[in-house]
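Quick notes on the structure that follows.
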Amino acid sequence: MPDDDVDGHRRRFLRYLAASPLLMAGPSTEASDLPQVAPPILSPDQALSVRDFEAAARAALPPAHFAYLASGVDDDATVRANDEGYHRLQLRTRRMTGVTRVNTAATLLGRTWPTPLVLCPCGSQRAFHAEGELASARAARAKGHLFVLSGVTTTAVEDVVTAVGEPVWYQLYPTDDFEVARAVARRAAAAGCPVLVLTVDINASRNPEGQLRGARADARDCTACHQPGTRAMLRRKPMFDGLSLANVTSVGDPSMTWDYIARIRDAVPSMKVVVKGIVTAEDARLAVQHGVDGLVVSNHGGRAEESRRATIDCLPEVVDAVGGRIPVMLDGGIRRGTDIFKALALGATAVGIGRPFLWGLAAFGQPGVEMVLTILRRELELTMSQAGVRTISDIQRAHVVRGA
């Protein structure tokens, strides 16, 4: 991006911050009370934590694109809750354990990965960087992480599989037309994807207020790139090429019941089915009863509903309800290696990130994503050493306690 474009985006985003509650620090308008913001990092190796990439992404992106990335629904309270939930959990560290090296390998649905950290399905990645999903997937492969491709990817699954050199997991937005869902799922299966991640947390409508405010603050004519509406959005996504969208009004399916699991299994019998968006014990038990292969505790990063309930707070009841019969993954609010450790301690088999790797992508492309993954793995290894555990399976609930 030319320097003058970056400067223009910065100026427009500062005006956006002044007008929007999305990222305001508080009600005070005194200059002495305003937060002191360090200049954004200029290269991935300058980052001390993954949050350093957030400021760099903010500087690189137009206001509408950053608002889409940063915001949730309504007052963004669930976005904040996902983050703050980890601050209420404390670590019980140990001394004189003799641990000098740790092993972060984790097994998920029959495959062992070097780390339990997963790159979550995140759509429209070319809105953040010209290489989009290709850069993220290559970074995941380079660092040994599972990559899950979004159902509204801006790069076709076949191209991502070619870039990575092996099949990836595929996330399915069911839409409210099962024929469309079946066609997309079968295309993913034909590309070799072994797992279908059925997302069920946005079947109801939602109110993306922060995203809409960001679009208003953007001086560009957004309709020059895309038209509003679900069908117009899906027509820009390569996984829907050649499909009739005449009956589609939503990326979710509000009529969905648990019978849907059998229908989608029949459509793609070669794929395992993971359900993403479960946050209660009741639904976890129903998922097991209907034969799903895994769950993801998720509220879509705070983009599904304004429940104000952190996924880390939902995790224990889901894990207890499942009782070890299927793996339980989690996403939402992960910003530190300590957060990953806490989720694993509360029973997660694997832990996903979304916004942090997108910050790295927006700021620096593939090298940015790789550094985000490097930092989080390094922090996880440090936390394991401080807790006196050598392997992921050694992490137990006794390692965390809930603070005031």
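If I filter the stretch 256-273 for residues that are touching a helix residue (DSSP H, G or I) at 6+ places or on another chain (Cβ under 6 Å), modelled with pLDDT of 95 or more, closer than 11 Å to Val180 by Cβ and of a type in the set (Phe, Trp, Tyr), do I get at least one hit? No; the residues of the stretch 256-273 include none that is touching a helix residue (DSSP H, G or I) at 6+ places or on another chain (Cβ under 6 Å), modelled with pLDDT of 95 or more, closer than 11 Å to Val180 by Cβ and of a type in the set (Phe, Trp, Tyr).
To keep it simple, each residue is scored yes or no on (1) more than 30 Å from Arg308 (Cα to Cα); (2) assigned to a loop (DSSP other than H, G, I, E, B).
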| site | (1), (2) |
| --- | --- |
| Tyr86 | no, no |
| Val99 | yes, yes |
| Thr107 | yes, no |
| Thr153 | no, yes |
| Val161 | yes, no |
| Tyr170 | no, no |
| Ala188 | yes, no |
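Screening the candidates Gly323, Gly365 for the property of being at positive phi, out of contact with any helix residue (DSSP H, G or I) (no Cβ under 6 Å at 6 or more places or on another chain) and surrounded by fewer than 24 Cβ atoms within 10 Å (Cβ to Cβ) yields one hit, Gly323. Specify which of the listed residues (Val275, Val288) is surrounded by fewer than 22 Cβ atoms within 10 Å (Cβ to Cβ) and either touching a residue at least 24 places away in the same chain (Cβ under 8 Å) or over 23 Å from Asp83 (Cβ atoms) (or both). Just one listed residue meets the conditions, Val288.
A residue that is crowded, with 23+ Cβ neighbours inside 10 Å and over 19 Å from Ile375 (Cβ atoms) can be found somewhere in the stretch 112-130.
Which members of the stretch 109-141 meet the condition of being basic (Lys, Arg) and over 27 Å from Val292 (Cα atoms)? Answer for the stretch 109-141, where residues must be basic (Lys, Arg) and over 27 Å from Val292 (Cα atoms): Arg126, Arg138.
Looking at the stretch 329-404, the helices (runs of 4 or more DSSP H) lying wholly inside it that each contain 3 or more residues that are over 25 Å from Leu149 (Cβ atoms) sit at 337-345, 366-387.
Per the conditions (1) touching a Leu at 6+ places or on another chain (Cβ under 6 Å); (2) under 20 Å from Val296 (Cβ atoms); (3) not polar (S, T, N, Q), the sole criterion not satisfied by Val148 is (1).
No other residue among Ala142, Ala64, Ala130 is in contact with a helix residue (DSSP H, G or I) (Cβ under 8 Å, 6 or more places away or on another chain), modelled with pLDDT of 95 or more and either not in a loop (DSSP other than H, G, I, E, B) or not acidic (Asp, Glu) (or both) apart from Ala142. Out of all the residues in the stretch 303-347, which are over 18 Å from Ala284 (Cβ atoms), among the hydroxyl-bearing types (Ser, Thr, Tyr) and under 14 Å from the mean Cα position of the chain (by Cα)? Correct list: empty.
The values are calculated or read from the model by the stated rules, or taken from the named source; none is laboratory data. On a predicted model such as this, the values are computed, not experimentally measured, just so you know. For neighbour counting, all protein chains shown are included, and Cβ atoms are generated from backbone atoms with ideal geometry for every residue, glycine included.
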